[in-house]
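Have a look at the structure below, then the notes.
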Amino acid sequence: MFTQISSAGIRGMEGFLVSVEADVSNGLPGFSISGQLALEVREAQERVRTALKNSDFQLPAKKITVNLSPAGRRKEGTVFDLPIAAAVLGAFELLSAEKLKDALLIGELGLDGSVKPVRGVLVLVSAAKKMGFRRGLLPVANVSEGTLVEGIQIIGIQSLRHLQEVLSQDNWEDMDLGISGNINRRTFKPEYLFDFKEICGQSVLRRAAEVAAAGRHGLLMCGSAGTGKSMVAKRIPTILPALSWEENIEISKIYSLCGLLPKGQPLLSQRPFRSPHHTISPQGLTGGGKVPKPGELSLASGGVLFLDELPHFSKGAIEALREPLEEHRITVSRVAGSYEFPADFLILGAMNPCPCGYYNHPTKECTCPPGAVHRYMGRISGPLLDRIDLQVEVTPVAIGEISQVRPSEPSAAIRERVVRAREVQAERFRGVPGVHTNAMMNARMLREFCPLDQVARELLERAMVRLDLSARAYDRIVKVARTIADLAGRETIAAADVAE
């Protein structure tokens, strides 16, 4: 007998339909699976066979043939165990496959027949909804994640025997099984471990962080060790606007695909903060593997990517940043095709001014040999620096500021100003596709959205001549000045904004 069950695979950040077909016939007993399968899918043959035996399903000695269609597209992961077992049981008429015609099944099987959680459930259920399925049958541990997608019923399956029991009920779609249904939208309140009030002094760096967060400008901090660069970087997520529901879903899809969602939590509660070590490879940043998975650039999407000791990153890793900083996405090409991942993040960099770390230090002498400082700074390419709007020199904190009793301004107060500035930008760019912050403006938008008063224009013209600035530098100055004006509540950019 022939049976067909619907499942889904993942390619990049999108799900695609996989039809699991099973046929039982007379002939030499055996079990075969076809359809361009990765190793873990081919191994499903043994997992399914053993799980059926240990679930007390007595199967006659027949020839079992399973095909995963489309045969020309590679299938990966362990999500196909449950639909393969269901298709085999349906072919032996041990469960009603007809009841599953509008349902999508995913799940990994244990050898005892239990259904184990899998990665990428949010991506798969979203794809199932787009493909018109009315319900999804998932591992119980993935139910809370699957129910985040509205418009599709989610039913948790504990084991193969439980699947058979559920389908044996005539009105199983409408019954309250205790582990089905859709949850309401929930607000996950972020809980921050850090706060700007813990930072003493560094008023210039704090102000730069506020401007960077308000306009989503890249920020590079250059200073000696112990000046607070990493402390400020770790606290910048605390002054960014809270995640919207749509943003949280999109970011959580990436973390679901990588298996990095917090245990027992189907959504992230706050914006990502990723700080990869400087020994990371270009593939670790962009995404890699025979079939690429998201890298650090995608895991930082919607949040912050912090590159500490920036000059120590490999040249390939640094150059890999150029496309995503411009396009806000990353394209990874392999023999099997091209894969596109989101890479829409706020970049933060930190570096010492020289190899020994004391160049231009007010009290300590630099011990670097001649030419070492120039070579050290030259490790960061000009094109990358051109894409980072704010570059701040960080000086050591005075002992008087460290010992002060009065606390600094907390993150909550700074975040209020940042949110107001972001709301101004959201209104300004309403109807402009792909642009929602000042840092994303192109040259045409600068002329439309960044009016300078006469004094500000003259000041900028004098600076361009005296400092020999490039046209790209002019655009960056205007973008940052626009953000400073937004924080101050000004429609027109004033001379004070340009001067800062």
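The values are calculated or read from the model by the stated rules, or taken from the named source; none is laboratory data. Keep in mind that what you see is a predicted model, and the values were worked out from it rather than measured. Cβ coordinates were reconstructed from backbone atoms using ideal geometry, including for glycine residues, and neighbour counts include every protein chain displayed. Areas reflect the complete protein model, heavy atoms only, side chains present, ligands, DNA and RNA absent. Shrake-Rupley method; radii C 1.70, N 1.55, O 1.52, S 1.80 Å.
Which value, in debye to the nearest 20, gives the size of the charge dipole of the chain about its Cα centre, when Lys and Arg are +1 and Asp and Glu are -1 at the Cβ?
About 620 debye.
Which order do the peptides 420-426, 88-94, 193-199, 340-346 take when ranked by the mean count of other beta-carbon atoms within 10 Å per residue, highest first?
Going from most to least packed, we get 340-346, 88-94, 420-426, 193-199.
Which value results when the Cα radius of gyration for the range 347-484 is divided by 2.2 N^0.38 Å?
1.35
With charges only on Cβ, +1 for K and R and -1 for D and E, what is the dipole size of the range 347-500 about its Cα centre, in debye, rounded to 20?
Values: 21 positive and 19 negative charges, 76 e Å.
Computed about the Cα centre, the dipole is about 360 debye.
Mind giving me the nanometre distance, one decimal, between the label points for GLU165 and SER281, set 7 Å out from Cα along Cα→Cβ?
4.7
Count neighbours as other Cβ atoms within 10 Å of each site's Cβ, and list the trypsin sites (Lys or Arg not before Pro) in the range 288-325 that are DSSP loop with at most 14 such neighbours.
Sparse-neighbourhood loop trypsin sites (Lys or Arg not before Pro): LYS290.
Report, to the nearest 10°, how far helix 203-215 tilts away from the longest principal axis of the Cα atoms in the chain, using its own Cα long axis and a range of 0 to 90°.
50
For helix 44-54, what angle does its Cα long axis make with the longest principal axis of the chain, in degrees from 0 to 90 and rounded to 10?
50
Ratio of the range 61-135's C-alpha Rg to 2.2 N^0.38 Å, to two decimals?
The value comes to 1.16.
Hey, what did the range 60-173 get for relative contact order, percent, Cα under 8 Å, at least 6 apart?
23
Taking the chain as the reference, fit the longest principal axis to its C-alpha atoms, fit the long axis of helix 411-428 to the helix C-alpha atoms, and give the angle between the two in degrees, 0 to 90, nearest 10.
80
Using a 1.4 angstrom probe with every protein chain in place, what is the largest-first accessible-area order of HIS162, HIS374, HIS277, HIS217?
HIS374, HIS277, HIS162, HIS217
Given the C-alpha centroids of the range 7-82 and the range 114-176, what is the distance between them in whole angstrom?
Spelled out, the Cα-based centre of one part sits 19 Å from the other.
Taking the range 330-394 on its own, what percent of its Cα-Cα pair distances exceed 13 Å?
That fraction is 74 percent.
Counting only heavy atoms of protein chains, what accessible area per residue, in Å², does the range 342-500 have with a probe of 1.4 Å? Let's see the in-between values first.
Values: 9010 Å² over 159 residues.
Value returned for the range 342-500: 57 Å² of accessible area per residue.
If you average the sequence gap of Cα pairs under 8 Å that are 6 or more apart and divide by the length of the chain, what percent do you get for the contact order?
13
Ignoring ligands and nucleic acids, what accessible area does TYR474 show with a 1.4 Å probe (Å², nearest 10)?
Counting only protein heavy atoms, the figure is 90 Å².
Could you work out, for the range 225-310, what percent of all Cα-Cα pairs fall into each 10 Å distance bin, beginning at 0 Å and stopping at the bin that holds the largest distance?
Going from the shortest bin to the longest, the percentages are 16, 44, 33, 7, 0.
Counting only protein chains, not ligands or nucleic acids, how are SER381, SER281, SER252 ordered by accessible area (probe 1.4 Å), most first? Present the calculation step by step, with values, prior to reporting the outcome.
On the way: SER381 25, SER281 50, SER252 0 Å².
Sorted by accessible area, descending: SER281, SER381, SER252.
For the range 33-90, what does the accessible surface come to per residue with a 1.4 Å probe? Please give it in Å². Present the calculation step by step, with values, prior to reporting the outcome.
Values: 2400 Å² over 58 residues.
For the range 33-90, the per-residue accessible area is 41 Å².
May I ask you to give the percent of accessible area on the chain that is carbon plus sulfur, with a probe radius of 1.4 Å?
Carbon-and-sulfur percentage of accessible area, whole number: 51.
So how long is each side of the chain along the principal axes, counting just the alpha-carbon atoms, biggest first, in Å?
88, 48, 48
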